[in-house]
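Everything below concerns the one structure shown next.
The values are calculated or read from the model by the stated rules, or taken from the named source; none is laboratory data. Predicted model only: the values in this text are computed from it and were never measured. With ideal geometry, Cβ positions are generated from the backbone for all residues, glycine too; neighbour counts draw on all protein chains shown.
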Amino acid sequence: MFTRGTSFVIHGAEMKTSCERGGFAFVVVLFVLGFIGGGVGLQGQNLVPNGGFEEGADGPKDWTLRGEAKGEWTQAAAHSGQRGLAIHGEGKGSGYWRSAPLSCSPNSIYRITFWARRETNATGGFVISGPSTVNRDIIPGLTWQQYQTLFKLPQHATNDFIRLGHWEGRGTGFFDDVRVVSVYPLHTVFQQGLVLGKGESVEGNIYHCNVAFGGDNGNYSPVLHLHRCNFNTDRWTFGPGAFVVYRHQIPGGFRSAHLALNVNYHTGGSLLVEASPNGESWLPVGVWDSERRTGEFEVPSAALSGDTLFVRLRGDGANCNLQVNRYELTAPLKNQTPDSRGMTLYLETLEPSPSELKVNFEQLEVTQNTPSLVFQLQNQGKQRLNLKAVVKIGATTQESLTVPSLGPNGTQKVKLPLLTGASEGPGLHTITVELVDSRQRRWFAGTVDFNLGLLADPRAGYWLAESKNMGLWWCESGWKIGRERPMPTRPAGGNVIPVNLSAARGEYEAAQVILRPATPAELRAVRVEKLVNRRGQPLRASYEWMEVAYVRVSKPTDATCEPGRYPDPLPPLVLPLQLTPGENQPLWLSCYVASDALPGDYQGDVVVETSIGTWKVPLRVTVYDFELPAESHLRSAFGLGTGTINRYHHLTNAEQRMLVYQMYLTNFARHRISPYSFFDYTPIQVRFTGTGVEKRAELDFSSFEKAASQWLDGHHFNSFRLPLRGMGGGTFHSRSLGQLEGFKEGTPEHARLFNDYLGQVERFLRERGWLSRAYTYWFDEPDPKDYEFVVEGMKRIKTAAPGLRRMLTEQPEPELLGHVDIWCGLTPEWSPEKVAARRASGEEVWWYICCVPHAPYITEFIDHPGVELRLWPWQSWQYGVQGILVWETVYWTSSSAFPPPKQQNPWEDPMSYVSGYDYKPGQIGYWGNGDGRFLYPPRLAMTQQTPCLEPPVTSFRWENLRDGMEDYEYFWLLQQRLKRAKQRGLPAALLREAENLLKVPETISRNTREFTTDPRLVLEHREKLARMIERFGD
């Protein structure tokens, strides 16, 4: 068995270790972990028989249908070629297409890729995919999408097979172009022989290992040594005798070690955890079972006697049936070790070199997150070789490097950058490396998938000023700037692009001014100066400076994300602000243009005063000649948990609670977002008087009416969630019937009281003009088993209050049609055709995001691109969706992960942990970084226990969402002016131009899965909308 640090040769390409390090570069060396002789060669041969499904007579050759499903081998399922596979489920059971056995080796590493999609009406359940021992559940989109997963087969899997099918799916899914290839991991090597892979890091001389379960990683991790255990999507599934062994190696070894695990599912048996210094003699660490399903144990010191630590997880008991979805090791180190973060890439060789040429891959040098492949060439033939090294992304040549001529036995070292220029955005890039001669004959070809993190995105930013000790630059508000990202180069000719903002009257717009000191410094002042138009008139506007603060992501939300420090909280700028050498410190400049501002261009300066100098950089603000409507025409509903606010602000009385609540509501109003409720402390008062059939509902609307006048009429909230007294509810997890005055829902007595009470509410809201903004939302995310219960409840509401709109967080299903007024499904569930069909029936269509979906869809997560939430209203316009919903904005802690009186610090830990759904105190589950968390408690609230009467701290994502809500008004305004222009008989060419502008360009959003991450494209189209609005006038 090969281990770390072993040299070997496969098909003429020698891979060996290297510990060289120069400057800021570090080294990545290729290793094969657990490679056993007799396995596949290095060439990228597809191991799946008939993976394109083109071969066969009466059915696909080497594929058979199993389980509860109907399947087809059909042209309708073809992504490429003539045929693909279809599978149809009826909402229960499981069925799949099964391949013939694979020629794979246990403990070797492979990657499966395939294409999948589903029919528009396919819902429920999910697709199962991959080997039988390493399953991955997915929910395909409505268009073809490629999926890929790494996997390492267990020791006992010698003839595994591929499954493509469904579990409790309803409708039809399609598959094509399945491929399994052998890949080889490349891990980072630092000084002193330190080897770190993905998920491993050293910070403050403490080693951290956070295994990334699931997603594209599958069951593989750089520290996975060997196993005999099945894996499902994002968790190990342990039965009797199953085991998993992880291996950690640090030069000098560990002073101590703490292990954190989570058993997310348990019906029997226990998980025994053991440690060893050699992988042979094992010492007990702890036991996880039904009583202890999460927590930490200290590793015995006897297991830390060397540089290597083995940890074994083992299922125990004849009835063992449990799952593990968390593995984290934290270990202080014996030797002083610089801060380092591991990276892992995977090499697939497409075409090995011939015997005349020896290719020796020595290392990957990674400088500021950009890798360069370093390899040694040796001419082993008799003829001189004249080669060129080429890097391609797709069909585009990214880099071409001429290799010095190689005579017989000649050698040459080549360093080839894998990503160059500023054109490539963040995301997964498949990079092809080729060696070709003058006749374009290929002497070697291989691919590496490189995920460029968004914090290293090279596209952002404009140079402003630079001295020996300080650099200044700026960028638009949609870019997330990493602390270590280099500043842009000075423009040719010295033409500085000013900090640039453009806005309508009554609009907020922002930019980031970024300081990058070379020596310790502090920011002492920053201000906008002398911003005037060409007539010398000052701009009527207000400015707010905020610090761009960072949170450390240790567990990425999904496979597209990387660990690191991400910008998100935007606290008010407090001076002086300490600046760290070699790190970016963005400052958020928010400009609000007054309603009486004069249109036109304004020129001025941003003055930055620091302890090492003062700089004055140009600022330009353009004011468009129109005002944004005070009302928002995209409806919204976001949760705002007052209980959490009160707890974190340490509020002790009703006056304090109301004061701070008003601060949060004001923040919502300024961001054009409507909360579920503006009346937590001023509800409609309901009581029942009388006896028997004379019992009646008496309602007091006075407090509610005052609050509604303030927030609906004054601050223009466009929706609110009406709580229903006596109405049951639930989720897919559990449900219950309601009661009124002791009468259970569904009884005649309950119906009479419910109709009386809710009928009065409906009449009051209609009289005040607020009924159209009210909705009920009493059941969340039902499963098909809940549909009958939901329909009966919807009927009761309709009978009591026919004009009250009923929302359901579900996509349209036949059983529910006619009983829902506002459909609010997850974003992947909608197509323009689906939306149009429901709207044509007189129903509203909203959509929501929460802990799902993940990439490639728009999300709310901190570790996703900054422009995503700005684009959500754009996609709403594009699809005809009328409202957006998010379940919470102040989800700062989890009662499961942090059982009271403990509470999470959202400034230090960005992960939103699962709570509820039968999670026990101490149990850990992950919803994603920033799920339900758009606002932060003030910093002061985190450092004191006395009442904190300060407003919330906004976030990067919250500000970008407001920008998107304001952009939506540009579309709405142009649409309204276009209607009037048509009535005025303006030129047809101008009308066509305006109509085209109302279509979201494909360069910005092609569909819900394909959209830009470049805010410049958004701003360019916004500019065109603004100028057309101006051309039409009022």
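Looking at (1) surrounded by 16 or more Cβ atoms within 10 Å (Cβ to Cβ); (2) over 18 Å from residue 514 (Cβ atoms), find the lone condition where residue 413 falls short.
(1)
Going by what's in this entry, would residue 589 be described as surrounded by fewer than 16 Cβ atoms within 10 Å (Cβ to Cβ) and at pLDDT 95 or above? Give the steps one after another, and end with the answer.
On the way: surrounded by fewer than 16 Cβ atoms within 10 Å (Cβ to Cβ): no; at pLDDT 95 or above: yes.
So residue 589 fails the test.
Determine if region 912-919 includes at least one residue that is under 28 Å from residue 634 (Cα atoms), surrounded by 21 or more Cβ atoms within 10 Å (Cβ to Cβ) and modelled with pLDDT of 95 or more. Outline the logic, then answer.
Initial filter on region 912-919 (under 28 Å from residue 634 (Cα atoms)): 912.
In the following step, the residues that additionally are surrounded by 21 or more Cβ atoms within 10 Å (Cβ to Cβ) were identified as 912.
Then drop every residue that is not modelled with pLDDT of 95 or more, which leaves 912.
The answer is yes; a qualifying residue exists.
Which pairs turn up if I take residues in region 692-709 that are free of Cβ contacts under 8 Å to residues at least 60 places away in the same chain and look for partners that are part of a helix (DSSP H, G or I) and of a type in the set (A, V, I, L, M, F, W, C) with beta carbon separation below 8 Å, at least 6 apart in sequence or on another chain?
Hits for this filter: 695/753.
I'd like the full set of residues that are at negative phi and more than 22 Å from the chain's Cα centre (by Cα), limited to region 911-938.
Here is the first cut: in region 911-938, the residues at negative phi are 911-915, 919-921, 923-927, 929, 931, 933-938.
Correct list: 919, 920, 921, 923, 937, 938.
Among the residues of region 1004-1017, are any at pLDDT 95 or above, within 17 Å of residue 510 (Cβ to Cβ), under 30 Å from the mean Cα position of the chain (by Cα) and assigned to a helix (DSSP H, G or I)?
Yes, region 1004-1017 contains at least one residue that is at pLDDT 95 or above, within 17 Å of residue 510 (Cβ to Cβ), under 30 Å from the mean Cα position of the chain (by Cα) and assigned to a helix (DSSP H, G or I).
For region 287-303, enumerate the residues that are farther than 22 Å from residue 231 by Cα and surrounded by fewer than 20 Cβ atoms within 10 Å (Cβ to Cβ).
Kept after step one, since they are farther than 22 Å from residue 231 by Cα, are these residues of region 287-303: 291, 296-303.
Those that are farther than 22 Å from residue 231 by Cα and surrounded by fewer than 20 Cβ atoms within 10 Å (Cβ to Cβ): 291, 296, 297, 298, 300, 301, 302.
Please find, among 273, 244, the residue that is in contact (Cβ under 8 Å) with a residue 60 or more places away in the chain, surrounded by 15 or more Cβ atoms within 10 Å (Cβ to Cβ) and closer than 21 Å to residue 219 by Cβ. I'd like the intermediate steps shown before the answer.
Values: 273 fails: in contact (Cβ under 8 Å) with a residue 60 or more places away in the chain.
244 is the lone residue from the list that is in contact (Cβ under 8 Å) with a residue 60 or more places away in the chain, surrounded by 15 or more Cβ atoms within 10 Å (Cβ to Cβ) and closer than 21 Å to residue 219 by Cβ.
Going by what's in this entry, would residue 311 be described as buried (at least 19 other Cβ atoms within 10 Å of the Cβ), of a type outside the set (Asp, Glu) and either outside any strand (DSSP E or B) or in contact with a Leu (Cβ under 7 Å, 6 or more places away or on another chain) (or both)? First the steps, then the outcome.
On the way: buried (at least 19 other Cβ atoms within 10 Å of the Cβ): yes; of a type outside the set (Asp, Glu): yes; either outside any strand (DSSP E or B) or in contact with a Leu (Cβ under 7 Å, 6 or more places away or on another chain) (or both): yes.
Considered against the rule, which asks whether it is buried (at least 19 other Cβ atoms within 10 Å of the Cβ), of a type outside the set (Asp, Glu) and either outside any strand (DSSP E or B) or in contact with a Leu (Cβ under 7 Å, 6 or more places away or on another chain) (or both), residue 311 comes out as yes.
Hey, among 499, 528, which residue is out of contact with any Gly (no Cβ under 8 Å at 6 or more places or on another chain), under 20 Å from residue 591 (Cβ atoms), among the β-branched types (Val, Ile, Thr) and touching a residue at least 60 places away in the same chain (Cβ under 8 Å)?
Numbers: 528 fails: out of contact with any Gly (no Cβ under 8 Å at 6 or more places or on another chain).
Sole residue among the options that is out of contact with any Gly (no Cβ under 8 Å at 6 or more places or on another chain), under 20 Å from residue 591 (Cβ atoms), among the β-branched types (Val, Ile, Thr) and touching a residue at least 60 places away in the same chain (Cβ under 8 Å): 499.
Do you know which of the residues in region 324-339 that are part of a strand (DSSP E or B) and surrounded by 19 or more Cβ atoms within 10 Å (Cβ to Cβ) is farthest from the chain's Cα centre (by Cα)? Walk me through how you get there before you give the answer.
Let us first name the residues in region 324-339 that are part of a strand (DSSP E or B), namely 324-333.
Checking the rest, the ones that are also surrounded by 19 or more Cβ atoms within 10 Å (Cβ to Cβ) come to 324-327, 329, 331, 333.
Details: 324: 23, 325: 19, 326: 19, 327: 21, 329: 24, 331: 29, 333: 32 Å.
So, considering only residues that are part of a strand (DSSP E or B) and surrounded by 19 or more Cβ atoms within 10 Å (Cβ to Cβ), the one farthest from the chain's Cα centre (by Cα) is 333.
Looking at residue 982, is it at pLDDT below 95 and exposed (fewer than 15 other Cβ atoms within 10 Å of the Cβ)?
On the way: at pLDDT below 95: yes; exposed (fewer than 15 other Cβ atoms within 10 Å of the Cβ): yes.
Spelling it out, residue 982 is indeed at pLDDT below 95 and exposed (fewer than 15 other Cβ atoms within 10 Å of the Cβ).
How many of the residues making up region 896-906 are crowded, with 20+ Cβ neighbours inside 10 Å and either in contact with a helix residue (DSSP H, G or I) (Cβ under 6 Å, 6 or more places away or on another chain) or farther than 14 Å from residue 937 by Cβ (or both)?
Qualifying residue count for the region: 2.
Please enumerate the residues belonging to region 651-669 that are free of Cβ contacts under 8 Å to residues at least 40 places away in the same chain and either more than 19 Å from residue 723 (Cα to Cα) or surrounded by fewer than 16 Cβ atoms within 10 Å (Cβ to Cβ) (or both). I'd like the intermediate steps shown before the answer.
So in region 651-669, the residues free of Cβ contacts under 8 Å to residues at least 40 places away in the same chain come out as 653-655, 657-658, 661-662.
Across region 651-669, the qualifying residues are 653, 654, 655, 657, 658, 662.
Determine which single condition residue 884 fails, assuming it passes every other condition in (1) in a loop (DSSP other than H, G, I, E, B); (2) among the hydrophobic types (A, V, I, L, M, F, W, C); (3) closer than 30 Å to residue 547 by Cβ.
The number of the failed condition is (1).
Only one residue in 621, 607, 617 is among the β-branched types (Val, Ile, Thr) and in contact with an Asp or Glu (Cβ under 6 Å, 6 or more places away or on another chain), so which one is that? Can you show your working first?
Working: 621 fails: in contact with an Asp or Glu (Cβ under 6 Å, 6 or more places away or on another chain); 617 fails: in contact with an Asp or Glu (Cβ under 6 Å, 6 or more places away or on another chain).
When all the criteria are applied, what remains is 607.
Just one of the numbered conditions (1) assigned to a strand (DSSP E or B); (2) surrounded by 18 or more Cβ atoms within 10 Å (Cβ to Cβ); (3) modelled with pLDDT under 95; (4) not polar (S, T, N, Q) is not true of residue 265; which one?
Unmet for residue 265, out of (1) assigned to a strand (DSSP E or B); (2) surrounded by 18 or more Cβ atoms within 10 Å (Cβ to Cβ); (3) modelled with pLDDT under 95; (4) not polar (S, T, N, Q): (2).
Are there any pairs, at least 6 apart or on different chains, whose C-beta atoms fall under 7 Å, with the first in region 323-344 and closer than 30 Å to residue 269 by Cα and of a type in the set (D, E, K, R) and the second modelled with pLDDT under 95 and part of a strand (DSSP E or B), and if so, which?
326/260; 326/261; 326/262; 328/210; 328/260
Going residue by residue through region 849-858, is there one that turns out to be closer than 27 Å to residue 476 by Cα and of a type in the set (Phe, Trp, Tyr)?
Yes, some residue in region 849-858 is closer than 27 Å to residue 476 by Cα and of a type in the set (Phe, Trp, Tyr).
For residue 65, indicate whether it is in contact with a Cys (Cβ under 8 Å, 6 or more places away or on another chain) and modelled with pLDDT of 50 or more.
Working: in contact with a Cys (Cβ under 8 Å, 6 or more places away or on another chain): no; modelled with pLDDT of 50 or more: yes.
Spelling it out, it is not the case that residue 65 is in contact with a Cys (Cβ under 8 Å, 6 or more places away or on another chain) and modelled with pLDDT of 50 or more.
Restricting the search to region 167-197, which residues are modelled with pLDDT of 90 or more and among the charged types (D, E, K, R)?
176, 177, 179
Looking at (1) charged (D, E, K, R); (2) closer than 23 Å to residue 624 by Cα; (3) free of Cβ contacts under 8 Å to residues at least 60 places away in the same chain, which is the only condition residue 1006 fails?
Here residue 1006 clears every test but (2).
Do you know which residues across region 444-486 are assigned to a loop (DSSP other than H, G, I, E, B) and surrounded by fewer than 20 Cβ atoms within 10 Å (Cβ to Cβ)? Before you say what the answer is, go through the steps one by one.
Of the residues in region 444-486, the ones assigned to a loop (DSSP other than H, G, I, E, B) are 453, 457-461, 467-469, 477-486.
Scanning region 444-486 gives 459, 467, 468, 469, 483, 484, 486.
For every residue, the table says whether it meets (1) in a loop (DSSP other than H, G, I, E, B); (2) within 17 Å of the chain's Cα centre (by Cα); (3) farther than 23 Å from residue 675 by Cβ.
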site	(1), (2), (3)
863	yes, yes, yes
888	yes, yes, no
897	yes, no, yes
940	no, no, yes
948	yes, no, no
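Looking at 587, 515, 575, 531, which is the one that is among the aliphatic types (A, V, I, L, M) and either under 23 Å from the mean Cα position of the chain (by Cα) or in a loop (DSSP other than H, G, I, E, B) (or both)? First the steps, then the outcome.
Values: 587 fails: either under 23 Å from the mean Cα position of the chain (by Cα) or in a loop (DSSP other than H, G, I, E, B) (or both); 515 fails: either under 23 Å from the mean Cα position of the chain (by Cα) or in a loop (DSSP other than H, G, I, E, B) (or both); 531 fails: either under 23 Å from the mean Cα position of the chain (by Cα) or in a loop (DSSP other than H, G, I, E, B) (or both).
Among 587, 515, 575, 531, only 575 is among the aliphatic types (A, V, I, L, M) and either under 23 Å from the mean Cα position of the chain (by Cα) or in a loop (DSSP other than H, G, I, E, B) (or both).
Restricting region 156-166 to residues that are of a type in the set (A, V, I, L, M) and at pLDDT 90 or above, which is surrounded by the fewest Cβ atoms within 10 Å (Cβ to Cβ)? Write out each step before concluding.
If we filter region 156-166 for residues that are of a type in the set (A, V, I, L, M), which is where we start, we get 157, 162, 164.
Among the residues that remain, those that are also at pLDDT 90 or above are: 162, 164.
Values: 162: 26, 164: 24.
So the residue we want is 164.
Pairs needed: first member in region 947-962, under 20 Å from residue 1015 (Cα atoms); second member anywhere, at pLDDT 95 or above and part of a helix (DSSP H, G or I); C-beta distance under 6 Å; at least 6 residues apart or different chains.
Between residues of region 947-962 that are under 20 Å from residue 1015 (Cα atoms) and residues that are at pLDDT 95 or above and part of a helix (DSSP H, G or I), the close pairs are 957/869; 960/869; 960/870; 961/869.
Take the residues of region 487-527 that are surrounded by 17 or more Cβ atoms within 10 Å (Cβ to Cβ) and basic (Lys, Arg): which is farthest from residue 631 (Cα to Cα)?
The extreme case among them is 516.
Would you pick out the residues in region 198-219 that are part of a loop (DSSP other than H, G, I, E, B), over 21 Å from the mean Cα position of the chain (by Cα) and modelled with pLDDT under 95? Write out each step before concluding.
Of region 198-219, the ones part of a loop (DSSP other than H, G, I, E, B) are 198-199, 204-205, 211-214, 218-219.
Checking which are over 21 Å from the mean Cα position of the chain (by Cα) leaves us with 204-205.
Residue satisfying the conditions is 204 alone.
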